[in-house]
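The values are calculated or read from the model by the stated rules, or taken from the named source; none is laboratory data. Here the structure is a predicted model, which is why all the values come from computation and not from measurement. Positions of Cβ are generated from backbone atoms using ideal geometry, with glycine treated the same way; all protein chains shown enter the neighbour counts. Ligands, DNA and RNA are stripped out before the accessible areas are found, and what is left, the full protein with its side chains, is counted by its heavy atoms. Shrake-Rupley method; radii C 1.70, N 1.55, O 1.52, S 1.80 Å.
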Amino acid sequence: MNQATLHQLKVFEAVARHSSFTRAAEELFLTQPTVSMQVKQLSKVVGMPLFEQIGKRLYLTAAGRELYSTCREIFDRLSQFESSISDLKGMKQGTLRLAVVTTAKYVIPRLLGPFCQRYPGVDVSLTVTNHEYVLESLANNRDDLYILSQLPEDADINVHPFLENPLVVLAPHNHSLVQESNVSLKRLAEEYFIMREPGSGTRKAVQKLFDEHDIPLKVKLDLGSNEAIKQAIAGGLGLSVLSLHTMALESPNSQLAILDVENFPIQRYWYLIYPSGKQLSIIARTFFDYLLTEGKEIAEQTVFAWQNHPDSQSEGVRSFLASAS
Ligand code: PGA
């Protein structure tokens with residue numbers, strides 16, 4: 001392995017993580033032939049194939065799996081080394097790695113602005129993905145900090161509640177149920193539903209509520225994006241349950257409205273978490289403290305301002321918030 005370069009290992013790690021040459025090339029800003037060439041040379045050094053292509057999917061071979069876990073250890077150690085060097089230098093410099101559930105994308109990028117202005121030496125890698133993938137990143141120790149709404153049961157983690165994340169029922173603004181109050185779950189279930197994809201925390205929370213009441217849902221389709229679901233609702237495909245934060249940037253004449261339904265909003269929290277044994281770098285620690293103090297304040301002010309500003313939200317959101325308060 002003496003002949004293998006760090007660059008080749010980096011390329012290999014990215015291909016293995018994405019199970020795709022194309023995605024790895026995109027991430028590393030390389031061409032796909034360059035990526036294939038690097039992996040080919042690395043296989044030669046190892047003396048065994050690292051991947052096998054079955055149908056359209058790329059799988060790691062046994063040798064590939066061994067190398068992948070070795071790579072992860074090497075890169076983890078290197079990144080720890082990098083952080084301790086900048087910690088020793090007392091500099092807030094390096095990369096902050098965050099993995100957050102999709103609903104948090106309506107808040108976290110905004111909070112990163114002031115933080116990055118204060119610490120211009122910090123680069124941020126923010127992964128926005130669903131509950132299941134955030135848990136996977138956590139299990140593989142891929143990031144510094146994680147934000148999600150449902151806590152894993154069996155993980156040894158540090159947990160800090162961050163902000164409210166209520167789930168609400170959304171309908172097209174001209175739907176007949178918009179005018180009604182305290183709609184029953186049974187009545188709601190007569191409508192077609194659009195659900196987030198399996199693995200989504202939002203989906204789990206909705207399913208749990210309806211299962212508890214033993215009411216089946218008529219699911220018309222699954223979509224892997226909150227924004228796509230909002231478009232599908234506006235297009236009349238059905239109703240859905242999403243985080244109230246997804247409505248934050250809706251215009252006053254939004255085509256969506258929030259329904260007044262019994263047992264809603266489903267009250268939830270975003271939690272800021274990290275594995276118990278993890279040594280947070282100075283950057284991660286600084287961001288952690290920022291998020292729970294100033295960041296939280298900025299977020300609450302923004303959400304609060306948004307809830308109270310008559311021009312910044314749809315009629316549906318306004319009437320919902322008025323009735324909820
Ligand atoms: P999801 O999680 O993106 O997996 O639906 C969102 C949440 O749990 O708030």
Subject >> Antiparallel content of DSSP bridges confined to the chain, in %, to 5 >> reply: 55 percent
**OP:** Check each of the GluC sites (Glu not before Pro) in the stretch 110-210 and keep only those in coil by DSSP with at most 15 other C-beta atoms within 10 angstrom; list them in order.
**Re:** E153, E180, E190
Original post:
When all C-alpha to C-alpha distances in the chain are sorted into bins of 20 Å, what percent of pairs does each bin hold, rounded to whole numbers?
Top reply: 27, 50, 22, 1
Original post:
Over the heavy atoms of S86, what accessible area does a 1.4 Å probe trace out, to the nearest 10 Å²?
Top reply: 10 Å²
Original post:
When all C-alpha to C-alpha distances in the stretch 6-70 are sorted into bins of 5 Å, what percent of pairs does each bin hold, rounded to whole numbers?
Top reply: 4, 20, 34, 28, 13, 2, 0
Subject >> Cα centroid separation - the stretch 94-142 against the stretch 1-76, whole Å >> reply: 25 Å
**OP:** Just the number, please: carbon plus sulfur as a percent of the accessible area of the chain, 1.4 Å probe, no ligands or DNA/RNA counted.
**Re:** 51 percent
Original post:
In straight Cα distance, which aspartates and glutamates are under 17 Å from K296, not counting same-chain residues fewer than 8 positions off?
Top reply: E164
Original post:
How many nm is it between the label spots at I54 and N182, if each spot is 7 Å from the Cα in line with the beta carbon?
Top reply: 5.7 nm
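Helix-only mean residue ellipticity at 222 nm, the chain, DSSP H runs n ≥ 4 weighted -39,500 (n - 2.57), per residue, nearest 500. What is it?
Estimated from H runs of four or more residues: -13500 deg cm²/dmol.
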Original post:
Can you give me the relative contact order of the chain as a percent, contacts being Cα pairs under 8 Å and 6 or more apart?
Top reply: 20 percent
Original post:
Of G236, Y133, N263, whose Cα points farthest to the positive end of the dipole of the chain (charges on the beta-carbon: +1 Lys, Arg; -1 Asp, Glu; origin at the Cα centre)?
Top reply: Y133
Original post:
Straight-line reach from K56: which lysines have a Cα under 29 Å away, not including same-chain ones fewer than 8 places off?
Top reply: K10, K40, K44, K220
Subject >> Segment D123-I85, extension gain: residue separation times 0.36 nm, minus the distance between their alpha carbons >> reply: 12.1 nm
Original post:
So how much accessible area does V46 have, in Å² to the nearest 10, using a 1.4 Å probe?
Top reply: 50 Å²
Original post:
When ligands, DNA and RNA are left out and all protein chains stay put, how many square angstrom of accessible area per residue does the stretch 6-70 have with a 1.4 Å probe?
Top reply: 61 Å²
